[in-house]
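Asker: My questions all concern the structure below.
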Amino acid sequence: MGFKKKADEWLAKNNGLTTLVFLGLIVVPIIWLFATQERSSQAVQTEQVAPVTPAPAAMKNWRFNETIDPMTDKKTQTLKLKSINSTAFDFPYNTEGGSYLYIVFRKKGNSFDAYMSIDKGQMICGVNNCKFSLRVGDSEVQTWTGLQSSTYDSDLMFIRDARSFEKIVQRGEPIRIGIEFYEAGVRVFEFDVTDYTGF
């Protein structure tokens, strides 16, 4: 009986202190945790890339993509076309189904460029030897100058005269592109460009 009475007296005297300790050790950390999670969620949402704009209806073969730089609000738009055929490389560039070549047009502000990319493979594109062959329809084979990417990626080759290349694509004739690959020789890729309308 004496113990219970003393405990009741202590609780009566220290009720405010017990509440403060409870709030400080339990309630405040829970509120802080929820507030931190909400701020993190908002930060992630603001960093997300803008939604992809649907491809123009007239271009079924080309994949359209648009991103917005969160710092400058500048748009980068790309149109990408996959080759009809693929090619098989030896290890370490072999992949199931073979490697496809892609033609990509890219527009950022007033700048416009064109390049080719390969799923897996090493294009030969050095300082003095960066070229590819182009055949439009049944015409003669042309030799075009390529450019190495600024990051020296061997799976990319930029096209020196992007606008002239785009005009050829706009004609809608089938094209074939031949590129030399490391220890694999020249491989030829075919493209159906009939529905290209540009940006």
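Asker: With each label point set 7 Å from Cα along the Cα-Cβ vector, what nm distance links Q170 and T72?
Answerer: 2.5
Asker: May I ask for the Rg/Rh ratio of region 70-199, computed from Cα atoms with Rh as the Kirkwood radius, given to two decimals?
Answerer: Details: Rg = 14.8 Å, Rh = 15.3 Å.
Answer for region 70-199: 0.96.
Asker: Can you sort C130, C125 by how many other beta carbons sit within 10 Å, fewest first?
Answerer: Least to most surrounded, the residues fall as C130, C125.
Rule-based calculations on the coordinates, nothing more; no lab input. Just so we're clear, the structure is a prediction, and the values are computed from it rather than from any experiment. Reconstructed Cβ throughout: ideal geometry from the backbone, glycine too, with neighbour counts over all protein chains shown.
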